[in-house]
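The values are calculated or read from the model by the stated rules, or taken from the named source; none is laboratory data. All values derive from a computational prediction rather than experimental measurement. For neighbour counting, all protein chains shown are included, and Cβ atoms are generated from backbone atoms with ideal geometry for every residue, glycine included.
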Amino acid sequence: MIRDVVQMSYLIIVANLSLFLFLIFNSTVSTKIKNYFMIGTAISLVMLICNIIAYTYQGTGENLTLLKINAAVSYSISGPVIMPFIFISGVIGKRVKRTLEILATINCIVCIISIFNGCVFQFDEMGNQTLKTFAAVPFIFSFMYLCVLLSASLIKFRLGLRLESIFLTVLSAAIFSATLLNTFLHFRYLISGMAVLSCVFYYLFFTTQTLTRDAMTNALNRHCFYRDILTMKKHQMFVISIDLNGLKQINDNLGHDEGDKAILAVSESTFEIIPSRCRFYRMGGDEFEILFPSASRSDTEIMMQKIKEAVHSRGYSIAMGCGEYKKGMDLDELIKEIDAMMYEDKARMKALQGL
């Protein structure tokens with residue numbers, strides 16, 4: 001039996017622990033994204049431990065209490081293991097996220113209750129498990145999580161982010177098939193293994209994306225801007241230009257280290273404010289661009305004002321220009337108009353400071 005357990009779980013454990021090490025020592029992704037990956041890998045490891053306990057004791061007539069607790073934990077987390085991927089996608093609203101968290105809590109409560117009354121699962125004297133009346137609850141909730149993940153994939157596709165959309169679609173299909181095989185054909189280690197592999201490959205996707213980012217600010221680079229804007233120009237979006245005021249004076253009077261701090265103040269403030277679906281780019285020096293797809297003018301103006309206020313709170317100021325792109329418009333002309341608006345804003349701010 002020990003040989004079988006090692007054979008079925010060894011590679012999954014190694015992959016899981018390796019990802020943990022990468023997450024601890026690699027700083028190429030944001031802390032928020034890193035935490036989501038840590039949660040996903042932790043859940044996967046717990047699922048694997050649950051599988052090992054079930055494989056070891058089911059049908060032996062030993063440790064029935066442990067088997068019940070183990071089943072409660074397993075059914076509680078087998079669905080929510082998908083949630084970190086949903087949150088990492090960055091396109092699901094707060095209300096939906098909150099709803100998923102509530103569903104996960106309800107599922108956990110139902111599974112814990114089942115330890116005492118057997119409403120979801122039950123074990124006979126030999127430790128053989130049977131599913132009961134409320135056994136459908138974890139599976140229904142898991143299906144709902146998968147539907148949300150697939151919705152995230154479709155949203156990514158609609159926003160022009162097709163590579164990530166394809167990845168999330170394949171991920172949804174793989175998790176769904178693993179769940180079916182585990183449930184109806186009693187395959188072991190499939191869901192936990194699929195969860196680990198999903199974390200690994202999604203993490204690889206994110207780290208490869210860092211090759212397209214500016215090293216200092218972590219904003220996407222100029223090349224990405226022109227690539228993305230061509231991909232996304234089939235859809236409505238707002239294009240926003242940002243320029244830091246007074247960078248030359250900061251560099252000349254205080255040194256380039258202070259100039260770098262000013263540039264970082266702009267990027268950090270922007271990352272704090274922009275919604276997940278926005279794309280933020282450093283074009284070079286103190287110039288930045290934002291692509292805000294599927295947005296209204298009021299939302300865009302509110303976001304711009306918040307960015308200005310956040311930068312101001314750090315002791316700096318920025319000029320901004322904004323324009324709405326709709327399918328069929330001349331994109332180059334729009335960008336020129338937006339840049340002109342930004343320089344008008346800069347001149348207006350200089351005039352006010354002169355007063």
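Can you find even one residue in the stretch 78-85 that is in a loop (DSSP other than H, G, I, E, B), within 28 Å of ILE155 (Cα to Cα) and either in contact with a Ser or Thr (Cβ under 8 Å, 6 or more places away or on another chain) or among the polar types (S, T, N, Q) (or both)?
Within the stretch 78-85, one or more residues are in a loop (DSSP other than H, G, I, E, B), within 28 Å of ILE155 (Cα to Cα) and either in contact with a Ser or Thr (Cβ under 8 Å, 6 or more places away or on another chain) or among the polar types (S, T, N, Q) (or both).
Between LYS326, LYS308, LYS350, which is at pLDDT 90 or above and not acidic (Asp, Glu)?
Among LYS326, LYS308, LYS350, only LYS308 is at pLDDT 90 or above and not acidic (Asp, Glu).
Test LEU264 against the stated conditions and say whether it is without any contact (Cβ under 8 Å) to a residue 60 or more places away in the chain and within 17 Å of MET283 (Cα to Cα).
yes
Looking at the stretch 163-192, which of its residues are closer than 30 Å to GLU287 by Cα and surrounded by 19 or more Cβ atoms within 10 Å (Cβ to Cβ)?
If the condition is that a residue be closer than 30 Å to GLU287 by Cα and surrounded by 19 or more Cβ atoms within 10 Å (Cβ to Cβ), then GLU164, SER165 are the ones that fit.
Taking interchain pairs and intrachain pairs at least six residues apart, which have beta carbon atoms under 6 angstrom, with the first residue in the stretch 216-230 and free of Cβ contacts under 8 Å to residues at least 12 places away in the same chain and outside the structural domain of LEU264 (by TED's automatic domain parsing) and the second of a type in the set (Phe, Trp, Tyr) and surrounded by 15 or more Cβ atoms within 10 Å (Cβ to Cβ)?
Within 6 Å, no pair qualifies.
Select from the stretch 61-77 the residues that are in a helix (DSSP H, G or I) and among the polar types (S, T, N, Q) and write down the one among them that is surrounded by the most Cβ atoms within 10 Å (Cβ to Cβ).
Among residues in the stretch 61-77 that are in a helix (DSSP H, G or I) and among the polar types (S, T, N, Q), the one surrounded by the most Cβ atoms within 10 Å (Cβ to Cβ) is SER76.
Looking only at strands (runs of 3 or more DSSP E) that lie completely in the stretch 248-355, which have at least 2 residues being surrounded by 13 or more Cβ atoms within 10 Å (Cβ to Cβ) and touching a Cys at 6+ places or on another chain (Cβ under 9 Å)?
Answer list for the stretch 248-355: 279-284, 287-293.
Within the stretch 1-60, restricting attention to residues that are outside any helix (DSSP H, G or I) and at pLDDT below 80, which residue is surrounded by the fewest Cβ atoms within 10 Å (Cβ to Cβ)?
Filtering first and then ranking leaves MET1.
Residues ILE112, ILE102, ILE92: which one is among the hydrophobic types (A, V, I, L, M, F, W, C), free of Cβ contacts under 8 Å to residues at least 12 places away in the same chain and surrounded by fewer than 22 Cβ atoms within 10 Å (Cβ to Cβ)?
Going through ILE112, ILE102, ILE92 in turn, the sole match is ILE102.
Assess whether ALA195 counts as being within 30 Å of ILE24 (Cβ to Cβ), free of Cβ contacts under 8 Å to residues at least 40 places away in the same chain, among the aliphatic types (A, V, I, L, M) and buried (at least 16 other Cβ atoms within 10 Å of the Cβ).
It is false that ALA195 is within 30 Å of ILE24 (Cβ to Cβ), free of Cβ contacts under 8 Å to residues at least 40 places away in the same chain, among the aliphatic types (A, V, I, L, M) and buried (at least 16 other Cβ atoms within 10 Å of the Cβ).
Please count how many residues of the stretch 169-192 are in contact (Cβ under 8 Å) with a residue 24 or more places away in the chain and not in a helix (DSSP H, G or I).
Within the stretch 169-192, residues that are in contact (Cβ under 8 Å) with a residue 24 or more places away in the chain and not in a helix (DSSP H, G or I) number 2.
Can you tell me which residues in the stretch 194-233 are in a helix (DSSP H, G or I), within 30 Å of ASP330 (Cβ to Cβ) and modelled with pLDDT of 80 or more?
Selection gives ARG222, HIS223, CYS224, PHE225, TYR226, ARG227, ASP228, ILE229, LEU230, THR231, MET232.
Is it the case that some residue within the stretch 281-288 is at negative phi, out of contact with any helix residue (DSSP H, G or I) (no Cβ under 7 Å at 6 or more places or on another chain) and modelled with pLDDT under 90?
no
Of everything in the stretch 127-160 that's polar (S, T, N, Q) and surrounded by 19 or more Cβ atoms within 10 Å (Cβ to Cβ), which residue is nearest to LEU171 (Cα to Cα)?
Going through the qualifying residues, I end up with SER153.
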